[in-house]
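Step one of this worksheet: look at the structure below.
The values are calculated or read from the model by the stated rules, or taken from the named source; none is laboratory data. Note that this is a predicted model, so its numbers are computed, not measured. Here the Cβ positions follow ideal geometry from the backbone for every residue, glycine too, while neighbour counts run over all protein chains shown. What goes into the accessible areas is simple: the full protein's heavy atoms, side chains included, and nothing from ligands, DNA or RNA. Shrake-Rupley method; radii C 1.70, N 1.55, O 1.52, S 1.80 Å.
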Amino acid sequence: MRKKIVAGNWKMNMDFDEGIKLIENIILKINLKASLINTNETGVILAPPFILLQKASELCLDNQTISIGAQNCSQHEKGAYTGEISAAMIKSTGANYVIIGHSERRKYFHENDETLGKKVEIVLENNLLPIFCCGEVLSERESGRHFEVVKKQLEETIFKFKKNDFQKIVVAYEPVWAIGTGVTASPEQAQEMHKFIRELIRNNFDKEIAEQTTILYGGSCNAKNAVQLFSNPDVDGGLIGGASLKADDFVEIICSIEN
Ligand code: PGA
């Protein structure tokens, strides 16, 4: 049985104190709803800004359900890269995951497939687990090129890894037109693309790996639409932006996994 995951991508929100309060609130509410969450099958990941990684790891140390992730890391090991954060540094905070290839990184920081491949590599070398994002922009969907675009994004990056490395990767399908827009992909659109991605994984690796890979949906997923999105056979949870900043909404989304 593949793992289901709800991950919160906080982006550049929350200062140190606000972040601690949000984490404490999420822990409290998860504990209150513990009977609704199957902790054997469902994992929760919080991806706050770098400044909170260590504290978040400490706060969640005794919690079996919650893991901590970073939102990005450098493709370089270490050295003269002012302002960058390495995978080893992230590992040293106690975090376990790193989001790689988010569309905001691709767009605003010009991260291309080559850079992203290097980032995934260094994340794996440091015993961290990548959450690799892919997804088309609106014009690509409107011109019917969305499958082709996503296929290329995967082939040029994570499909180049060997089986035992690929197995550690969580894939997140995030149609760019749905991120932060309030326009969610329909459950049918999400399922169609997730099924397509799983087939690509099967063709590129094998059936077993395809069945085991967790594929998350991201893009305006919220407490209202999560149940429908997550009820699809190939949607294994979500990567949540805006709605992960409100403890009530985020925990409701986590509980949607079981419905
Ligand atoms: P959103 O962001 O839920 O605010 O649309 C999702 C993401 O960027 O991962």
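Starting from the stretch 40-55, take each residue that is hydrophobic (A, V, I, L, M, F, W, C) and at pLDDT below 95 and list its partners that are surrounded by fewer than 24 Cβ atoms within 10 Å (Cβ to Cβ) and not in a helix (DSSP H, G or I), counting only C-beta distances under 6 angstrom and pairs at least six apart or across chains.
none
Only one of Ser103, Ser143 is within 19 Å of the chain's Cα centre (by Cα) and either among the small types (Gly, Ala, Ser) or more than 16 Å from the ligand (Cβ to nearest atom) (or both). Can you tell me which? Outline the logic, then answer.
Numbers: Ser143 fails: within 19 Å of the chain's Cα centre (by Cα).
Going through Ser103, Ser143 in turn, the sole match is Ser103.
Under 6 Å by Cβ, and 6 or more places apart or on different chains, what pairs join a residue from the stretch 100-121 that is among the hydroxyl-bearing types (Ser, Thr, Tyr) with one that is part of a helix (DSSP H, G or I) and at pLDDT 95 or above?
Matching pairs, first to second residue: Ser103/Val176.
Scan the stretch 94-101 and tell me whether some residue there is open to solvent by 50 Å² or more (accessible area, probe 1.4 Å), more than 21 Å from Glu114 (Cβ to Cβ) and of a type outside the set (Ser, Thr, Tyr).
Going residue by residue through the stretch 94-101, those that are open to solvent by 50 Å² or more (accessible area, probe 1.4 Å) are 96.
Right, trim to more than 21 Å from Glu114 (Cβ to Cβ) and you get 96.
Those left that are additionally of a type outside the set (Ser, Thr, Tyr): 96.
Yes, the stretch 94-101 contains at least one residue that is open to solvent by 50 Å² or more (accessible area, probe 1.4 Å), more than 21 Å from Glu114 (Cβ to Cβ) and of a type outside the set (Ser, Thr, Tyr).
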